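Novice: There's a structure below that I have some questions on.
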């Protein structure tokens with residue numbers, strides 16, 4: 001099937017790229033001129049020249065001025081409106097100009113539009129917040145600490161968002177968050193979202209939408225909310241782009257570039273990146289068994305290697321003034337692995353060493369992803385009246401292979417293949433009703449088929465041959481089909497706005513285990529109402545109230561009942577009987593912009609049922625470690641509890657000048673869990689917090705200096721206690737060659753303090769753990785060069801520190 005879509009996409013893209021709606025048109029006339037500043041008489045580079053055909057009733061061509069302010073463009077004979085624009089300047093327009101010979105405009109002088117200067121400043125510096133009825137939008141384009149980094153680095157600098165040592169993303173401390181790319185599930189995320197997001201370059205991102213109170217338009221998945229990553233796509237006419245190279249320590253290097261070519265009805269865009277990273281890390285645990293006092297000490301050191309290429313290519317075709325088609329293809333080929341060394345030591349209750357074993361696990365990993373997408377948008381005559389249709393096909397393949405050596409002997413072969421295919425369909429229709437109201441309705445279908453083939457071979461010491469272990473080898477087929485429909489109505493009455501919606505989702509799950517013969521089908525339907533209200537006191541102050549109901553479906557890895565073999569004494573195993581978690585949340589927000597401050601705050605309450613927690617317990621089984629019988633600890637997910645979560649969050653931005661900005665984000669929450677597992681009480685109450693401080697200052701010779709401080713407070717539940725974590729990042733940046741280039745140097749984890757420590761306390765044992773995903777501080781140097789692009793021009797004004805869009 002994937003080859004059909006490949007042929008379909010290739011033919012469609014080729015037709016779009018080379019089609020000419022009027023083949024008889026021959027571009028044989030030249031329009032040229034020069035654009036300057038009316039006051040200084042200096043040339044204006046990157047001024048936009050566009051030609052609107054009166055016969056075709058659309059923009060048919062355009063270009064931008066060069067470094068000398070000159071432009072030249074070939075056109076066919078026609079009658080045009082010629083428009084010349086430059087940011088913060090008044091436009092120059094020649095109407096109804098008949099072009100039947102070459103035309104020289106001569107020198108065109110543009111005058112500053114003083115009324116627009118304030119708006120220009122906001123656009124250039126909007127790194128605070130735009131507030132909508134159902135989300136907050138953060139522009140991350142000028143965040144220095146992520147230059148030369150990846151998407152995970154970007155998200156870890158967005159207020160309300162955190163990324164832990166294993167790459168798990170959390171929103172307000174809740175890791176059940178849905179990740180979207182440009183509003184849709186994406187092959188850029190793939191099978192392993194944390195690994196894929198580390199492959200995507202930070203420079204590809206324009207902004208991040210933090211959606212803590214999603215409207216009915218969005219899928220109901222993700223009890224914490226949604227993070228929507230918006231990728232860059234230039235709107236400039238002509239050919240433009242940028243290229244970034246970076247190098248760092250520990251060994252890391254990367255090269256990424258984005259290009260955009262926009263002419264007439266076509267916009268062609270492409271982002272290509274290659275990255276190579278090596279990250280040393282370790283996991284350390286000491287387990288004391290309460291019944292005997294014996295101690296198992298395990299230390300796992302590794303070097304994580306990731307390398308790969310990612311390409312995102314697409315074409316936008318503006319069929320006419322009201323319709324457009326966008327086709328795109330994403331391809332990624334990532335490899336690497338993790339070479340780990342496990343050292344297991346056993347002690348008796350008197351701390352005498354009783355056994356020792358060394359386990360070497362050189363894991364090789366390879367993954368490939370390809371995705372084809374198609375979008376059609378129809379805008380009707382009334383503003384806001386539109387119809388959209390999206391289709392997407394995605395295929396992911398992933399392989400992991402390990403030949404494990406224990407005490408000098410090859411003992412295990414682990415080979416896992418995952419093949420995952422997805423089809424996504426969506427259509428939305430928006431109908432304005434009067435000047436301040438609109439009705440919206442839509443359908444969405446998600447079709448996901450996944451196959452996990454896990455093969456384990458163990459060494460037969462009698463024959464010295466590897467044999468398949470039928471107790472561990474398995475095939476697991478997982479199917480998840482979702483049908484959803486929604487409707488919502490929004491309106492604004494004076495200072496009061498509201499958006500009311502209802503979403504219905506039907507889920508059809510199939511769990512097929514050919515190895516054991518187990519087969520199960522599930523079918524469940526849920527209704528998910530949403531309410532979003534806003535009251536504007538004035539242009540700078542508003543109050544919001546949101547309510548939504550959401551769910552979290554267990555993913556295939558959690559449902560697969562066969563155990564992992566990453567450690568012979570600590571095993572993870574899925575639970576096929578897991579049920580979805582349902583959650584309802586109320587969020588009260590307040591935003592105020594005053595003087596040089598912007599305050600954004602919210603108080604929230606969330607109640608979740610059937611929450612999934614990880615339970616650790618002694619299996620009663622034993623394995624041979626260094627000639628000594630050792631207990632096996634099992635970790636498994638389970639629906640064990642109900643959670644009530646209260647929280648308060650505020651973000652304060654202080655911008656005393658264009659050269660200095662301070663931002664702080666604080667989130668305090670209390671989690672109350674009530675539940676049990678196998679007759680054991682799992683009740684717990686935990687108060688925790690996160691603090692983020694970001695300071696950006698322009699110092700001598702226009703060098704930008706940025707410092708990020710992050711602290712995540714301690715957390716606990718019935719079995720687990722996790723200590724607080726402090727991390728500090730530092731960065732310097734400077735623009736070169738009249739802002740055509742930038743160089744940046746950043747240090748991640750300046751004090752090498754990003755260690756995750758904690759304790760697991762059960763009725764059978766106590767385990768003390770420490771984890772460092774990146775075992776050392778990292779350094780990164782990056783260089784960016786832009787061609788036919790320029791950082792947005794900034795103007796001095798009384799900057800009030802934020803961008804607010806309701």
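The values are calculated or read from the model by the stated rules, or taken from the named source; none is laboratory data. Since the structure is predicted, the reported quantities are computational estimates derived from the model, not experimental observations. Because the Cβ atoms are built from the backbone with ideal geometry, glycine has one as well, and the counts that use them run over all protein chains shown.
Novice: Select from segment 547-568 the residues that are over 16 Å from residue 418 (Cβ atoms) and at pLDDT 85 or above and write down the one among them that is surrounded by the fewest Cβ atoms within 10 Å (Cβ to Cβ).
Specialist: Per the criteria, the residue is 547.
Novice: While we're looking at this one, here's another question. Would you mind finding the one in 687, 662 that is buried (at least 16 other Cβ atoms within 10 Å of the Cβ) and part of a strand (DSSP E or B)?
Specialist: On the way: 687 fails: buried (at least 16 other Cβ atoms within 10 Å of the Cβ).
Result of the check over 687, 662: 662.
Novice: Of the numbered conditions (1) modelled with pLDDT under 75; (2) on the phi > 0 side of the Ramachandran plot; (3) not assigned by TED's automatic domain parsing to the domain that holds residue 728, residue 193 fails exactly one; give the number of that condition.
Specialist: Failed condition: (2).
Novice: Consider residue 744 carefully, then state whether it is within 30 Å of residue 616 (Cβ to Cβ) and in contact (Cβ under 8 Å) with a residue 12 or more places away in the chain. Give the derivation first.
Specialist: Numbers: within 30 Å of residue 616 (Cβ to Cβ): no; in contact (Cβ under 8 Å) with a residue 12 or more places away in the chain: yes.
No.
Novice: All but one of (1) modelled with pLDDT under 90; (2) farther than 30 Å from residue 432 by Cβ hold for residue 350; which doesn't?
Specialist: Residue 350 satisfies all of (1) modelled with pLDDT under 90; (2) farther than 30 Å from residue 432 by Cβ except (1).
Novice: Search segment 622-651 for residues being at pLDDT 90 or above and surrounded by fewer than 17 Cβ atoms within 10 Å (Cβ to Cβ), and hand back the single one that is farthest from residue 293 (Cα to Cα).
Specialist: Per the criteria, the residue is 648.
Novice: Hey, among 586, 571, which residue is under 30 Å from the mean Cα position of the chain (by Cα), closer than 30 Å to residue 417 by Cβ and part of a strand (DSSP E or B)?
Specialist: Details: 586 fails: closer than 30 Å to residue 417 by Cβ.
Only one candidate passes the filter, namely 571.
Novice: I would also like to ask the following. Answer yes or no as to whether residue 316 is assigned by TED's automatic domain parsing to the domain that holds residue 419, farther than 30 Å from residue 412 by Cβ, assigned to a strand (DSSP E or B) and touching a strand residue (DSSP E or B) at 6+ places or on another chain (Cβ under 6 Å). Let's see the steps before the verdict.
Specialist: Working: assigned by TED's automatic domain parsing to the domain that holds residue 419: yes; farther than 30 Å from residue 412 by Cβ: yes; assigned to a strand (DSSP E or B): yes; touching a strand residue (DSSP E or B) at 6+ places or on another chain (Cβ under 6 Å): yes.
It is true that residue 316 is assigned by TED's automatic domain parsing to the domain that holds residue 419, farther than 30 Å from residue 412 by Cβ, assigned to a strand (DSSP E or B) and touching a strand residue (DSSP E or B) at 6+ places or on another chain (Cβ under 6 Å).
Novice: Let me ask something else. Return yes or no: is residue 363 under 19 Å from residue 458 (Cβ atoms) and outside the structural domain of residue 450 (by TED's automatic domain parsing)? Step through it out loud before you land on a result.
Specialist: On the way: under 19 Å from residue 458 (Cβ atoms): yes; outside the structural domain of residue 450 (by TED's automatic domain parsing): yes.
Answer is yes for this residue.
Novice: Run down 311, 334, 267, 343 and say which single residue is surrounded by fewer than 16 Cβ atoms within 10 Å (Cβ to Cβ), in contact (Cβ under 8 Å) with a residue 40 or more places away in the chain and within 27 Å of the chain's Cα centre (by Cα).
Specialist: Of the residues listed, the single one that is surrounded by fewer than 16 Cβ atoms within 10 Å (Cβ to Cβ), in contact (Cβ under 8 Å) with a residue 40 or more places away in the chain and within 27 Å of the chain's Cα centre (by Cα) is 311.
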